[in-house]
Structure formats: structure tokens, C-alpha cells
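Computed from the coordinates by the stated procedures, all read-outs in this text should not be read as laboratory data. On a predicted model such as this, the values are computed, not experimentally measured, just so you know. Neighbour counts are summed over all protein chains in view; Cβ atoms, including those assigned to glycine, are modelled from backbone coordinates with ideal geometry.
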Amino acid sequence: MKAILVSLFLLGSTPEATPPAIPPDALAAPPVSNDAPTAWACTVDTLREGKECVFESDAAAGASSTEQDTANRKLLKDISRALCTEAVGNARDGRTDATLISLCERRYVTAADQCGLGGSALIVDAKGRFAPGARACYRGLSSVLQEVQLMATVAAPCCECAARKGCPGAADRCYADVSQQQTSPATLACLSERCEDACSVALPSQSGASSAPTARERQRSSRSGSASL
Amino acid sequence: MRHPSWTLPTWALLGSIAAGCGASHSHVTWTEAPPREDAPIVTSAPEAPPPRASADPKAFTARYPNPALCEAAARRLQAESRDEGWAALKACIELTPFTQIRALLGGAWAEDLRVRPDAASLIARVVAQRGGSVSGELQYLQERKIPIFSLASAVERPDTYKGRYVMLRARVADQRSEGEKPTVWLVEHTLASVETNAPVGLGETYDTSSITSGDLGGQTQLTGPGRLGGSVSTQERGSVSTTRKHYDNISDETGREALGRLQGADPFLEARRDYVFLARFDGVRLTSGGTDDDAEAPRIPVLTIVSYHSPQALVVY
């Protein structure tokens, strides 16, 4: 009896004939996905250049820690000077502007405060790719750099002149106000009087003189006819 | 050609029948058979066997006047060897204008389509050769339970379709590379029918203008002397032509976009040209554009491109 049981056990334990393996690319094979980041990942380079990108990285999420949160924010704050200097330099054809760089850094550091990710993951992986959860952080930093580039392009020459000529509302406030066309009447009067050339782009155009014809005027002038008798 | 064994004289056949008869009746002996005469042997060389599709696919397909007969021959070969049959089918699809998707998805090839690693690409190629109307073809594939899906389905339920095959008609809009691995930005397209009126035969255009002028002078007792003059100008322009309605397929954007990984840089994959892509769906990723709210942020599907095929201009329905 024991011999029969042992035989049955052995029979049961013999490996069954395995079906031929299906190649992974076959339609009947199980789904295969690739979670590796692509060449469109958001990086410090895409942040600098303002390019469209997608959030994907190799950084694995882990347990939250205060140290990681602090390290994430510090990492991005450490590159603030380099990013701001480049953003201003690019917009001003290589010229530097200490006031604007300082303004940029202050705003950038404030924006970087939301980049800790609660310490749950590395903000960027080994190849500099932003983590999928870093979208708000990335957009905050990107927004600062874009605004500073706008200020450098539109307001910098005007605000430099305003500072030299002692106009009110100069320095940091001037950059923001002029680029958004929210300059106070007193500053505006000073700019148009003392910095007309430098602020020509930023100052509102004079109303009245040499204005374009209105739609009604154009319509009237195109209507014509003649009769003879 | 005559095979040597087919040249036996008639008596040999009769002898065999006699032997059979002897077996059943036992009254004929073999020693009584007449002496055998040597038949003339044809010494021409034996004909070469038909080319094997696996060895010479071009020669195999050249034997058949159309793709349907080529596929039928491949099916016959399948009975002898599955591998040889599959090689023959591939030759028919890759070397002839093969558009018989129903034959490909028929029962004869079902098992091969299930387990061959190149089956999905072969289906994509046939879809391209049929004009690349992917949305219509996918419906048929799904009726036959072929697990190749649309990009739209995958984007709607990423978890369900992750890792599965998707097929789309798309154009390359942009490309970025990280090392040797480029990723292209794809813009999905679809074929849409557009109605136009095309002139047929002779047309007629007419242009008429006339000016009539007059001058009348005289006097009346009431008004005294006076003159009345004026002119009337008329102009008429028109055309008469016969037109016929034409329906053309144009490629139009669907509004969906995707990122497609390539194995390496590929100069043949040109920008701004339509292709039928077969790819694995790798899920969706958040993009940097759109609104600040992550929940409403735009997501883009990521694909691993398996193969791509240039669609034919004529669509087969």
C-alpha cells in the first residue's frame, strides 16, 4: 500500500509537459509596458529653455521624511543664481542686470518653497528629470523665469533710466509695474518727462493724434457711386 | 517530364493485376510471366522543386499572378510546414500589393497570428496597404478578437490598455533624443471623406456689356429751349458648366497626440507625412502645459513604436 502511495506521489510531482513559450511580442503574450522616461522628460534644461515637456523620472517614491523635503527645496534653491543670471542675460543680449537678477532670485526662492514634495520622493532623479509629482513646483519656477525674461525685455532699459533720474517707484517695483503696464500716474509722468526714449515701449501711446481710422470711417469711405444725366 | 518509374509497359500493370488475381484464386504462377522488355528510359534532368518561400520569397511570389492566389498557395504550404506556410504568407504580404485582410484574419492563420512575434506588424502592414483607414480597420480587428486597439480607447482607460498594442495613423511633428533613443511627438490623423464638385466636359462663359447714350435738344412753349442727355450702361456676366460630385479622402487631425519611442534614429520616418504606426501603449504622462491644477492638467499617451508603414493612397473598403 505504501509503495502505491509513494508511486502516486511521484507521479503527481512529475512536471507536466509545458506548452511552447509564446514570444513576448506575440499577440497572445501578456501586455508589456515600458515605464522608463522618454526624451521629453521635464529637466532643468527644459525649465531654462521654457520648452514643453512631460513629467517622468526614475526616482522612486518612498516614505516621507523632513530631510528629503528640505533637500529637495535646497537643491532647487542652489541653482537659483545660475538660472536667473541666464534668464536675464538671454533676454538682454548678454548684458547683466544686478537688480533684476536679485528680484528673480527672491521670487525663485519663494517659488522653490513648494518643491519639497513632502519629502516623499526625490524632486529630480540622477539625470535631472523632475518627478511626476513636481508639476506645481516646476510650473512655479518656470513662471518666475518667464516673468523675469519679460521684465528684462520690456522694462529693464526703462527702469534703469528711472533709477538714474530718480523717478518714484523705481527698482523692483518698476520692473513689475512697467512690464504689466500698471505704473502709477506720478511715475508715468516722470518716465515720460525724463526717460521718454528708454520707456517708449512701456509708456501708453498718446490718444488722439494720428489714430487709425475707425471701422465706421472706413466703411463710409468705401461706399461710392455716380450718376449722370 | 516523365518519371522513370512511370514508363513501365502495360504488361507490367497487367502482371500486377494478374498477381492480385493469383492471390485471390491461386491459379497463376509468377514463373509463367512473359519476359520483361526494357522500356526506353527518358534521360532528361528532373525538374527543380518550386522555390521555398523561406529561401527565396521573391521567386515564390513571382509564381502567382495575384496576391489572393499567393495567399492560397501559402495556405497549402502550411499543411506541410507551419513555418514554411508563414514564410510564404509574409512573402505574399511584403512583396505583393496584398489587401485581403479577411483572408489574413481567417481561421487558417488564426494560430499563427496568435503566437508569431511578427504577426501584429504584418497586420499593420496590410492595414497600410489597404489605405490606412485605421479607425475602420480596427473595428474589423476587434470583431475577430485581434488584440490591437485604438489610441482613443487607450487614453480613456490607461490602466486597462497599458502594455497592449495600439494602432494609429499619425504624423511626426517633432523629435527629441536622449542618447541614442529618440522620442517623436505624434499627431494622430484620420481619413475623412470630402465632397467636391468637379467640372465635366465643356463649359460656357459669357460676358456682355452695352452702353446706350443719347442727347435730345429742343424747346417747348412752356419751358423754352432745353437739352436732355444721358447714358445707360448694362453689363452681364455668367457661366454655364456641368459638374460631377467627387468624394476624396483627406487626412485630418483627430486632436489626439502621443509620444512615440523609437529604437534608434530613423531617417526614413519623415516629418509631416502620414504613417500607420503599431505601438505598445506605455500609459499617460502629465505635461507641463495647460492649467495649474494637476487634476485638469493635460495628459499625453506614451507609446513604444514597434513598426510603421506608409499607407497607400487608395483606400480599400
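Laid out as a table, the results:
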item	result
Stretch gain in nm, segment B:Ser241-B:Ser193, where the contour uses 0.36 nm per residue and the Cα spacing is subtracted	14.8 nm
Overall form of the stretch B:153-217 per C-alpha gyration tensor (a/c, 1.5; a/b vs b/c)	prolate
Where the Cα pairs of the stretch A:73-198 fall when distances are cut into 5 Å bins, in %	2, 12, 20, 18, 15, 12, 9, 6, 4, 2, 1, 0
Spatial separation of Cα centroids for the stretch A:78-114 and the stretch A:125-178, in angstrom	7
Where labels lie 7 Å past Cα in the beta-carbon direction, separation of B:Ser213 and B:Asp294 in nm	8.3
Whole-angstrom gap from the stretch B:256-310 to the stretch A:23-67, using each part's C-alpha centre	13
3J(HN,Hα) from dihedral phi, the stretch B:251-265, Karplus parametrisation 6.51/-1.76/1.60, rounded to Hz, x for glycine, proline	8, 10, 6, 8, x, 9, 10, 7, 9, x, 6, 10, 6, x, 4
Virtual paramagnetic centre 7 Å along Cα→Cβ of B:Val200, amide N under 11 Å, in the stretch B:214-258	B:242-246
Orientation-averaged projected area, Cα convex hull of the stretch A:28-67 (nm²)	5.1
Net dipole in debye of the stretch B:48-129 [+1 Lys, Arg Cβ; -1 Asp, Glu Cβ; about Cα centre; nearest 20]	140
Options A:Cys167, A:Ala198, A:Ala156, ranked by Cα towards positive dipole end of the stretch A:155-203, top entry (Cβ charges)	A:Cys167
Separation in nanometres of the label points that stand 7 Å from Cα toward Cβ, at B:Phe268 and B:Asp118	1.3
Global form of the stretch A:155-203, assessed from the alpha-carbon gyration tensor, a/c cut-off 1.5	rounded
Using a Förster distance of 22 Å, the FRET efficiency for B:Tyr140-B:Ala62 (Cβ separation, nearest 0.05)	0.15
Where GluC sites (Glu not before Pro) fall in DSSP loop in the stretch B:247-317, at most 13 other Cβ within 10 Å	B:Glu270
Calculated FRET efficiency for the pair A:Thr96/B:Ser251, C-beta based, R₀ 41 Å, to 0.05	0.25
Candidate aspartates and glutamates - alpha carbon under 20 Å from A:Lys127, same-chain residues fewer than 8 apart omitted	A:Asp35, A:Asp45, A:Glu49, A:Glu52, A:Glu56, A:Asp58, A:Asp69, A:Asp78, B:Glu178, B:Glu180
Residue list for the stretch A:73-107, given a label point 7 angstrom along the Cα-to-Cβ vector of A:Glu49 and an amide N cut-off under 18 Å	A:83-84, A:86-91
Cα-projected label distance for B:Lys181 with A:Ser200, points at 7 Å along beta-carbon direction, nm	5.3
